[in-house]
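In what follows, a single structure is set out as structure tokens and then discussed.
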Amino acid sequence: MKGLFITFEGNDGSGKSSVIETIKKELIDRGYDVIYSREPGGSRIAEKIRDVILDVNNVGMDPKTESLLYAASRREHIVKTILPALNEGKIVLCDRYLDSSLAYQGFARGIGMDKVYDMNLYATESLLPDLTLLICVSPEIGMNRIKQNQRGSLDRLEIEKMDFHKKVYNGYLEVQKKFPNRIVIVNGEASKEQVKKEALDIVINFIYKQVQ
Ligand code: TYD
């Protein structure tokens, strides 16, 4: 089987990280060759760019600079980590990918989805995920969770005002409308167990369809 590229998206506090953890474990238990990665970051240079992007000292970064940095980090990530894994036939589970840029930079920062999409097609040589799970929670619930679970300090995107997080949420819904066949919405406000089960079922069914 050729590799599969599966991404997980959601506004801050959607709970996607623990969902990915569960799916990774289940797939490994079932004998699949799986790697986990995340954005921004996922390779040595991409992680350095991540530090610049999320640094709270960089408040006031120009939106296009921000957008270009995410795209640059993404390019490093696909060239160094994702494409080699896909070429080896692995299943790549990735926490955020280009849909994040469409929602956060395209919509919430107001650059425009089409512009950000074009820039990302250039950066990724049009590598789109095979499947994307969009885990949705209302921005209010998401930000409450972030504050309650806060371990370290909040990053530059998390300290944005509620208005920004609402735009991100609406942005994601628009992105899903643009790619209805690739992006499946999961209700992230259900119980943790339900969310994990629903997400796992979607991924397993998708994998089965590929081998049929
Ligand atoms: P991270 O700590 O990885 O957050 P999370 O656990 O929510 O995934 O921080 C990534 C932040 O960067 C998050 O607020 C979303 C944002 N982001 C963008 O704005 N554009 C992008 O293209 C990506 C990948 C992330």
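The values are calculated or read from the model by the stated rules, or taken from the named source; none is laboratory data. The structure displayed is predicted, hence computed values, not measured ones. Every residue, glycine as well, gets a Cβ built from its backbone with ideal geometry; the counts of neighbours run over all protein chains shown. Protein only, heavy atoms only, side chains kept; ligands, DNA and RNA dropped before computing areas. Shrake-Rupley method; radii C 1.70, N 1.55, O 1.52, S 1.80 Å.
Quick notes on this structure:
- For region 103-212, the helices (runs of 4 or more DSSP H) that sit wholly inside it and include 2 or more residues that are open to solvent by less than 70 Å² (accessible area, probe 1.4 Å), more than 14 Å from the ligand (Cβ to nearest atom) and within 23 Å of Ser67 (Cα to Cα) are 162-178.
Yes/no matrix, rows are residues, columns are (1) assigned to a helix (DSSP H, G or I); (2) touching a residue at least 60 places away in the same chain (Cβ under 8 Å); (3) within 11 Å of the ligand (Cβ to nearest atom); (4) touching a helix residue (DSSP H, G or I) at 6+ places or on another chain (Cβ under 8 Å):
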position: Gly60; (1), (2), (3), (4): no, no, no, no
position: Glu66; (1), (2), (3), (4): yes, no, yes, yes
position: Ile82; (1), (2), (3), (4): yes, yes, no, no
position: Asp99; (1), (2), (3), (4): yes, yes, yes, yes
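- Qualifying residue in region 7-17 (condition: open to solvent by 70 Å² or more (accessible area, probe 1.4 Å) and assigned to a loop (DSSP other than H, G, I, E, B)): no
- Among the residues of region 1-22, the one identified as under 15 Å from Lys192 (Cβ atoms), touching a residue at least 40 places away in the same chain (Cβ under 8 Å) and among the charged types (D, E, K, R) is Lys16.
- The residue of region 23-58 that is least open to solvent (accessible area, probe 1.4 Å), among those that are in contact (Cβ under 8 Å) with a residue 40 or more places away in the chain, more than 30 Å from Lys197 (Cα to Cα) and assigned to a helix (DSSP H, G or I), is Ile53.
- Remark: pairs (first residue in region 183-212, more than 22 Å from Tyr172 (Cα to Cα); second residue of a type in the set (A, V, I, L, M) and surrounded by 12 or more Cβ atoms within 10 Å (Cβ to Cβ); Cβ separation under 7 Å; 6+ apart in sequence or on different chains) = Ile207/Leu4; Gln210/Leu4.
- Screening region 158-202 for residues that are in contact with a Leu (Cβ under 7 Å, 6 or more places away or on another chain) and among the hydrophobic types (A, V, I, L, M, F, W, C) and picking the one that is farthest from Thr22 (Cα to Cα) gives Val175.
- For Ile78: the one exception among (1) in contact (Cβ under 8 Å) with a residue 12 or more places away in the chain; (2) more than 10 Å from the ligand (Cβ to nearest atom); (3) surrounded by fewer than 20 Cβ atoms within 10 Å (Cβ to Cβ): (3)
- A Cβ distance below 6 Å, combined with a sequence gap of six or more or placement on separate chains, defines the contacts here; from region 113-132, residues that are at pLDDT 95 or above reach residues that are surrounded by fewer than 17 Cβ atoms within 10 Å (Cβ to Cβ) and in a loop (DSSP other than H, G, I, E, B) in the pairs Thr132/Arg182.
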